[in-house]
Amino acid sequence: MSSDDRPRALSAGAPPTGARPTGPAAPPDFGRIAAHVGLLVLGALVGLAGALVQAAWFPGGLLLALAAAAGLFLGGRRLTGTQFGALTPAAGWLVSVMVLLGGRPEGDYVFGDELGLALFMLGGAAIAVMCATMSRLPQPDVNTGRAGT
């Protein structure tokens, strides 16, 4: 493409040469998809384990369950580098907790008391929101040498 053709091509809406599509037009990244599926499954497992632990050893189990959820949500955020990375394990966590809330036909359910259940649900939701909405950490500067090198 000559220098005379460039302004006309850009004004016609054609992407510049060598530009990769982003967003929905980008080709699927199977590594990122696998990471999100893994985070979803881990979120469900942490929700299940947290429901059992928080009811068994209140209040220490509640703190342990919320710390595990916070570690997973923050780890998902750091792994993917996006807010969606924190929300994916939170969605798995929420689905597993909601399934456990359903109980059984006999009237039994996993959660021990109302206070522990309320703190577990509200605490987990608050931690998920905090991890998803926290600001990005500044990236270290790659060029630490002199200017122009």
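For the reader, a short list of remarks on this structure follows.
- Of the helices (runs of 4 or more DSSP H) lying entirely inside the stretch 1-108, not one is found with 2 or more residues being touching an Asp or Glu at 6+ places or on another chain (Cβ under 8 Å) and modelled with pLDDT of 95 or more.
- Remark: pairs (first residue in the stretch 49-69, more than 13 Å from Asp113 (Cβ to Cβ) and without any contact (Cβ under 8 Å) to a residue 60 or more places away in the chain; second residue β-branched (Val, Ile, Thr) and open to solvent by 40 Å² or more (accessible area, probe 1.4 Å); Cβ separation under 7 Å; 6+ apart in sequence or on different chains) = Leu52/Val110.
- Counted residues, the stretch 81-102 - those being surrounded by 17 or more Cβ atoms within 10 Å (Cβ to Cβ) and farther than 14 Å from Gly47 by Cα: 2
The values are calculated or read from the model by the stated rules, or taken from the named source; none is laboratory data. Model, not experiment: these values are computed from the prediction. In this analysis, Cβ positions are derived from the backbone assuming ideal geometry, glycine residues included, and neighbour counts consider all displayed protein chains. The protein model used for the area step is the full one, side chains on, heavy atoms only, and it has no ligands, DNA or RNA in it. Shrake-Rupley method; radii C 1.70, N 1.55, O 1.52, S 1.80 Å.
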